[in-house]
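A short write-up of the structure that comes next.
The values are calculated or read from the model by the stated rules, or taken from the named source; none is laboratory data. Just so it is clear, the model here is predicted, and its values are computed rather than measured. For neighbour counting, all protein chains shown are included, and Cβ atoms are generated from backbone atoms with ideal geometry for every residue, glycine included. Just so you know, the surface numbers come from the protein's heavy atoms only, side chains and all, with ligands and any DNA or RNA stripped out. Shrake-Rupley method; radii C 1.70, N 1.55, O 1.52, S 1.80 Å.
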Amino acid sequence: MSPSSAAANKKSVPLAAILTTFLGVLAVLGALFYLSRPVQKEGESAASQEAKAYLANLGLSDVTMQASENLMNQKVVEVLGNISNNGPRELKSIDVYCLFYSVDGRLLHRERLRIVGVPDTRGPLKPGATKSFRMPFDSLPEGWNQALPKMVIAQISFVN
């Protein structure tokens, strides 16, 4: 086979096809990145700078997890513990996000609950005080790793 016939058999890919494929792959990667970012639901504000600065004054202790069945024969997982206010301010409410992960480390379930304040009718968390909390979960997805959820402060409301 002569060099000229080998060149004739070689097929060239048009530049437009290469660019279209590249842009398509780029669009798919961009969409995956966009869809995998954490989404803040409407009505769920992030913790304020003031609240973030106060985090060092909060302490969790005696955090445990237990499972039981409710009256409708559903499995209910409860996270129990104590929260202490070691700072100088009175706290009206504290909300936390509980993050449940799969065995491979993917986030499976996120739920926001109030651990101080309404529905807690015992009033605000005063400086130097400790309150117990109970967080029930009855709709955890299959594949959850059965470990304590990661707890992240979502919001702190101050009395004054």
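Observations on the model:
- Breaking point among (1) over 19 Å from Pro149 (Cα atoms); (2) polar (S, T, N, Q); (3) open to solvent by less than 50 Å² (accessible area, probe 1.4 Å), for Gln74: (3)
- For beta carbons closer than 9 Å, sequence separation of 6+ or different chains, a first residue in the range 54-72 that is at positive phi and a second that is among the small types (Gly, Ala, Ser), the qualifying pairs are Asp62/Gly81; Asp62/Ser132.
- Listing of strands (runs of 3 or more DSSP E) fully contained in the range 1-104 that carry 3 or more residues being within 17 Å of the chain's Cα centre (by Cα) and modelled with pLDDT of 80 or more: 91-101
- Within the range 116-123, at least one residue is modelled with pLDDT under 95, small (Gly, Ala, Ser) and in contact with a strand residue (DSSP E or B) (Cβ under 7 Å, 6 or more places away or on another chain).
- For the range 107-139, the tally of residues that are under 24 Å from Val76 (Cα atoms) and open to solvent by less than 40 Å² (accessible area, probe 1.4 Å) stands at 10.
- Scan of the range 122-158 for residues that are more than 23 Å from Val103 (Cα to Cα), in a strand (DSSP E or B) and aliphatic (A, V, I, L, M), ordered by number: Leu125, Ile153, Ala154, Ile156
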